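Note sheet for the following structure.
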4 protein chains.
Amino acid sequence: MSNSMELPRPLEGIIPPIVTPLLGVDELDAAGAERLVEHVLAGGVHGLFVLGTTGEAPSLSHDLRKQFVAQVCRQVANRVPILVGITDTSFAESVSMAQAAADAGAQALVLAPPYYFMADQPELLEYVTHLVSRLPLPLFIYNMPALTKSVFQPNTVAKLAELEQVVGIKDSSANMIYYHQLRRVFRQREDFTILVGPDELMAESVLLGGHGGVNGGANMFPTLYVELFNAARTRDIARVAQLHEIVIDIASTIYRVGHHGSSLIKGIKTALSLMGICSDFVAEPFHRFRSAERNQVARLLDEIREKLRACGIAQP
Amino acid sequence: MSNSMELPRPLEGIIPPIVTPLLGVDELDAAGAERLVEHVLAGGVHGLFVLGTTGEAPSLSHDLRKQFVAQVCRQVANRVPILVGITDTSFAESVSMAQAAADAGAQALVLAPPYYFMADQPELLEYVTHLVSRLPLPLFIYNMPALTKSVFQPNTVAKLAELEQVVGIKDSSANMIYYHQLRRVFRQREDFTILVGPDELMAESVLLGGHGGVNGGANMFPTLYVELFNAARTRDIARVAQLHEIVIDIASTIYRVGHHGSSLIKGIKTALSLMGICSDFVAEPFHRFRSAERNQVARLLDEIREKLRACGIAQP
Amino acid sequence: MSNSMELPRPLEGIIPPIVTPLLGVDELDAAGAERLVEHVLAGGVHGLFVLGTTGEAPSLSHDLRKQFVAQVCRQVANRVPILVGITDTSFAESVSMAQAAADAGAQALVLAPPYYFMADQPELLEYVTHLVSRLPLPLFIYNMPALTKSVFQPNTVAKLAELEQVVGIKDSSANMIYYHQLRRVFRQREDFTILVGPDELMAESVLLGGHGGVNGGANMFPTLYVELFNAARTRDIARVAQLHEIVIDIASTIYRVGHHGSSLIKGIKTALSLMGICSDFVAEPFHRFRSAERNQVARLLDEIREKLRACGIAQP
Amino acid sequence: MSNSMELPRPLEGIIPPIVTPLLGVDELDAAGAERLVEHVLAGGVHGLFVLGTTGEAPSLSHDLRKQFVAQVCRQVANRVPILVGITDTSFAESVSMAQAAADAGAQALVLAPPYYFMADQPELLEYVTHLVSRLPLPLFIYNMPALTKSVFQPNTVAKLAELEQVVGIKDSSANMIYYHQLRRVFRQREDFTILVGPDELMAESVLLGGHGGVNGGANMFPTLYVELFNAARTRDIARVAQLHEIVIDIASTIYRVGHHGSSLIKGIKTALSLMGICSDFVAEPFHRFRSAERNQVARLLDEIREKLRACGIAQP
């Protein structure tokens, strides 16, 4: 697949971090993946992020990761830009994944810090600089301190942004003070993309000038997130308030079923399974919901759909 | 290489977590590795732990990891048992590494929790149980919460120890209250091995009944750690106090050069380089010491050697 | 002073957490305090919060705290409602402070969890319930986990809000996901006040329906925060964006002078001193800025004032 | 009461952090306190620590704290040295408490960092230096980062130890690596006392040269801790191992009843109540065990007593 699509600078809109549909350990749900991609594209999303946290990338074998990227790129065929996560504790594996993404026809790469050892800022700066010189595609920085333990400080991001290939950041810190500091550093760089991760924070970030969201909920309800983005972009606050409430409802219900912190991914995959889109198999160290939790997700899903209908949100 | 060596139950003594000598990103220092292995074996160690934290395993490509395990197993040729780290965020990669370790002739495997997502105790229990059923060798649990974010609670370890293949634990929590709780859970199971990680805690753990240590400093000074272990085992407290002081000196000097938390691995590799054993190349996201820090390590190394001589510790 | 003023339900607007001007350890800067109160009232603020974190309450003796509350209440004379912090590790001291606040004529009390021991949610619930039965005034819950270590979970706040005297919450968690969960819990309770602490988050919280801010920067620039609140309330996004930028500038410069986490309070007190309002003495364990840092604050203050002028913000 | 007793340098042995017996909020159980003091003195302890964490000092009013110190000093009448906690978020209140302790005839003071704001090392150093100049008695530093959030780094302790009045440290970090670093800093200062807090770590710290323990369990079983200290001091490892097991049993059972982190204090007070020594009332924000937990403590207490008898530990 030739990479004939230009990456917008900045990249604006909703870029769902798509789940990786699985049939078993190390076995892709290829048909489910195909349905998932068409489902979110039908919702009007502005790009796809493959192999992120919601995509369970670290839990997958490198072979399966490459297989999934290849399938998605082939299917999307430049309809929207594709961003591919290359985060890895091993430099060599990140380079290898980046090459596979370029070969498949992706438009950009996404990199969080190596997540076993904690690197200090000068170390991170040197690491990313080394890595970028080996990468065939533009790079988004991915700030995800809750899981990687290392944060990209705003000053470090500013230095990295001097590298031509570093084109943006996805901030999943859930820390809006950090986010505003970051925006301050890039006030004069409107080409540098700043996206936020948690669903709950997309509306306010866009209202105050952010470029969009990489929101897990857009796997299930792409139209909702796209319409919320548009309302925030056009400063239709009444509509923002209305749709933001549903986003908070989703995050407060479907993402919180069961007893474990892993309920976000389990909740999304279960909902997608109930919607007939793909399998609910979850990669180790997690495991799909048992029937009690699945039934609970089914009920919550009905409630959310009812609210969406009441707000006139068509579902793809 | 046939696996003709029996793994002692419990495994007692000093099992150095050997560094992985490197010439560059994804390039093994094979000659250095050979010298390193003979160096620690000459010090009388009771086993080797390959691909642990000190071995920078997560920073290495899977291919390089397998190559290193194969070389070490071939060289050791059953002189001591070899434990191989299979910790990975991907279940499939852990299984693959375990098979490679068995093929190479290793005696046991070592597993910390997947270190991207945080799993709760029931999830960890299910995960390890699933994994063990796919493993060709006995398994040591590896508790390393500072880097993995997930802890193996003593009750979870007790449940895992009911699996025949789970034979011991390496506790690198640096939390002696946790260690004593663990020992309490296994009071009636003298076959279940309990080893501690941090150099600084080996003496007291063995004095109070522990089985030994997996101590990074034994890369440099295997005899020191072996003699300290023996003194603690034979309850020669005066000797313990004398040698324990040097262990604390090492950890307070060579491990703390420079400004970053990564100084432990950098310090050990620099010292080994100064001793003519192997390269000081450090895997990304870290980088070898510059000359100022290297010179500082050289001075500290001289001081430690002087103290070792004063205590009658022969160096291999 | 009789308490003849009614507390609005909800309480909306900017309620500055005023600093406690000091001349020395345990010595109030009474004249400075008088100037400070008139300065913020002239800016149009909607209330005052005395003895909060910015007020260094925990660092002051109980006698000085009571003296300060009495002075402020006497001076304000019901022009705006006064909220008084009664947070204490000792139940008896909280009760005593509450009585002093009522005697002085304050309108409400503010309570964070006891900040030495960490209490779990059922313990916190029981604690606040016991305390409220001994309090002579309405109570705001104060969520400040970074300093108290205990969080008030949204469900706990909901249960506490069933007590008639519990009228609102000040959320200083800096966690907008928490904030949105809280708002969700109180969707049907428009009389229950929800205020946010950090300056940087006031604009977005009010845009999405919050009641206002308890913002330290309003000590220096009350008009800025009042105008930003009004712009957010009237959904004038262009004006919000313009003023929000200055708020972020303040928080990114004046609050970050020097090397320590204590720079927020030191920065505000130094700026107030440079403005001729009150002393820059800071209570132990902190100490006022030396001249290098003071000069830096002076320069930053000039920059902020220039930006305020450019935005047409009159300063009181 | 004149302070006619000399404080040993170093202070060695078991210094129980005695609980503060209470009849209600702000009401001392004076008779229970008297029985408690005689109970621990009969066990052969080497000092008393009044108003520590186990003493719930931060939860008590300042008046009650002073009343309790006065009663204990009067009763002990120089039979053993008395250390009084003066930790406070307010400098002025610490000075006031120190004066009360000196007036009552105590021998030394104990100070943890102010526990609301987090002070950095240079700030802590300046703070303690200022405070010490106002103190009428020798001072022990108290390292308790889990509750105060600030740690006294070994280098800071070394600098503070240059002040004549700073005579020792109580380390309750539960971090034996920190403890060994601290011991290293003071190798040449045998007059500087180093005591450890958690019960579980006393044995090993004394085996490796520490001076003793400030162990909550000595409220219940002073003889056990004194005999364990003596066994460690005389390097009777077999006896150490035997008694250390019971200490771990106590910490793993009586301290872990119920669901909350507050179970240590509740467990000790409940056991003391069951032993007929003092009331089980616990200060807010905690609350005494209900009957189910109380019954559980009763059963655990019986088990511990049986083990003590089997080891020949007489109970006072």
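For the range A:106-154: of the residues being within 12 Å of another protein chain (Cβ to nearest Cβ) and among the hydroxyl-bearing types (Ser, Thr, Tyr), which is surrounded by the fewest Cβ atoms within 10 Å (Cβ to Cβ)? So the residue we want is A:133.
For the range A:55-86, the set of residues classified as assigned to a strand (DSSP E or B) and more than 16 Å from residue A:216 (Cβ to Cβ) consists of A:82, A:84, listed by residue number. Residue B:241 fulfils the conditions (1) in contact with a Gly (Cβ under 9 Å, 6 or more places away or on another chain); (2) buried (at least 22 other Cβ atoms within 10 Å of the Cβ) except for a single criterion, (2).
Only one entry of A:43, A:47, A:52 meets the criterion of being of a type outside the set (Lys, Arg) and in contact with a Lys or Arg (Cβ under 9 Å, 6 or more places away or on another chain), and that entry is A:52. I'd like to know if the range C:111-127 contains one or more residues that are in contact with a Phe, Trp or Tyr (Cβ under 8 Å, 6 or more places away or on another chain) and closer than 23 Å to residue C:12 by Cβ. Yes, because at least one residue in the range C:111-127 is in contact with a Phe, Trp or Tyr (Cβ under 8 Å, 6 or more places away or on another chain) and closer than 23 Å to residue C:12 by Cβ. Per the conditions (1) buried (at least 21 other Cβ atoms within 10 Å of the Cβ); (2) assigned to a loop (DSSP other than H, G, I, E, B), the sole criterion not satisfied by residue B:40 is (2).
Filter the range C:22-34 down to the residues that are under 17 Å from residue C:45 (Cβ atoms) and either open to solvent by less than 50 Å² (accessible area, probe 1.4 Å) or assigned to a strand (DSSP E or B) (or both) and list them by number. Can you show your working first?
Of all residues in the range C:22-34, those under 17 Å from residue C:45 (Cβ atoms) come to C:33-34.
Within the range C:22-34, just C:33 meets the criteria.
The set of residues in the range B:253-283 that are under 18 Å from residue A:120 (Cβ atoms), open to solvent by 20 Å² or more (accessible area, probe 1.4 Å) and outside any helix (DSSP H, G or I) comprises B:258, B:259, B:260, B:261.
The residues in the range B:155-167 that are out of contact with any helix residue (DSSP H, G or I) (no Cβ under 8 Å at 6 or more places or on another chain) and open to solvent by 10 Å² or more (accessible area, probe 1.4 Å) can be counted, and the count is 2.
With respect to residue A:276, is the statement that it is at positive phi and away from chain C (no Cβ under 12 Å) true? Judged against the criteria, residue A:276 is a match. Does residue A:72 meet the test of being touching a helix residue (DSSP H, G or I) at 6+ places or on another chain (Cβ under 9 Å) and either free of Cβ contacts under 8 Å to residues at least 40 places away in the same chain or basic (Lys, Arg) (or both)? No. Of the residues making up the range D:48-63, none is among the hydrophobic types (A, V, I, L, M, F, W, C), more than 12 Å from the chain's Cα centre (by Cα), within 30 Å of residue D:232 (Cβ to Cβ) and surrounded by 22 or more Cβ atoms within 10 Å (Cβ to Cβ). Can you name the residue in the range A:87-105 that is of a type outside the set (Gly, Ala, Ser) and assigned to a helix (DSSP H, G or I) and is also nearest to the other protein chains (Cβ to nearest Cβ) among such residues? If we take residues in the range A:87-105 being of a type outside the set (Gly, Ala, Ser) and assigned to a helix (DSSP H, G or I), then A:91 is nearest to the other protein chains (Cβ to nearest Cβ). Is it true that some residue in the range B:46-54 is assigned to a helix (DSSP H, G or I), at the interface with chain A (Cβ under 9 Å from one of its Cβ atoms) and at pLDDT 95 or above? Taking every residue of the range B:46-54 in turn, none turns out to be assigned to a helix (DSSP H, G or I), at the interface with chain A (Cβ under 9 Å from one of its Cβ atoms) and at pLDDT 95 or above.
Within the range B:229-252, the set of residues being within 10 Å of chain D (Cβ to nearest Cβ) and either part of a helix (DSSP H, G or I) or closer than 29 Å to residue B:289 by Cα (or both) comprises B:232, B:237, B:238, B:240, B:241, B:244, B:245, B:247, B:248, B:249, B:251, B:252.
Scanning the range D:284-316 for residues being open to solvent by 10 Å² or more (accessible area, probe 1.4 Å), touching a Leu at 6+ places or on another chain (Cβ under 8 Å) and either farther than 23 Å from residue D:242 by Cα or in a helix (DSSP H, G or I) (or both) gives a total of 3. Restricting attention to the range B:4-21, which residues are in a loop (DSSP other than H, G, I, E, B) and either of a type in the set (Lys, Arg) or closer than 20 Å to residue B:100 by Cα (or both)? Those that are in a loop (DSSP other than H, G, I, E, B) and either of a type in the set (Lys, Arg) or closer than 20 Å to residue B:100 by Cα (or both): B:4, B:5, B:6, B:7, B:9, B:18, B:19, B:20, B:21.
Name the single residue, out of those in the range D:176-198 being without any contact (Cβ under 8 Å) to a residue 12 or more places away in the chain and in a loop (DSSP other than H, G, I, E, B), that is least open to solvent (accessible area, probe 1.4 Å). Give the derivation first.
Narrowing the range D:176-198 to residues without any contact (Cβ under 8 Å) to a residue 12 or more places away in the chain: D:177, D:187-188.
Add one more test, that the residue is in a loop (DSSP other than H, G, I, E, B), and what stays is D:187-188.
Details: D:187: 72, D:188: 164 Å².
Result: D:187.
The residue that is nearest to the other protein chains (Cβ to nearest Cβ), counting only those in the range B:202-228 that are open to solvent by less than 10 Å² (accessible area, probe 1.4 Å) and farther than 20 Å from residue B:144 by Cα, is B:207. Here residue C:171 does not fit the description of being of a type in the set (Asp, Glu), surrounded by fewer than 24 Cβ atoms within 10 Å (Cβ to Cβ) and more than 9 Å from chain A (Cβ to nearest Cβ).
The values are calculated or read from the model by the stated rules, or taken from the named source; none is laboratory data. Just so it is clear, the model here is predicted, and its values are computed rather than measured. Note: ideal-geometry Cβ built from the backbone for every residue, glycine included; neighbour counts use all protein chains shown. Ligands, DNA and RNA are stripped out before the accessible areas are found, and what is left, the full protein with its side chains, is counted by its heavy atoms. Shrake-Rupley method; radii C 1.70, N 1.55, O 1.52, S 1.80 Å.
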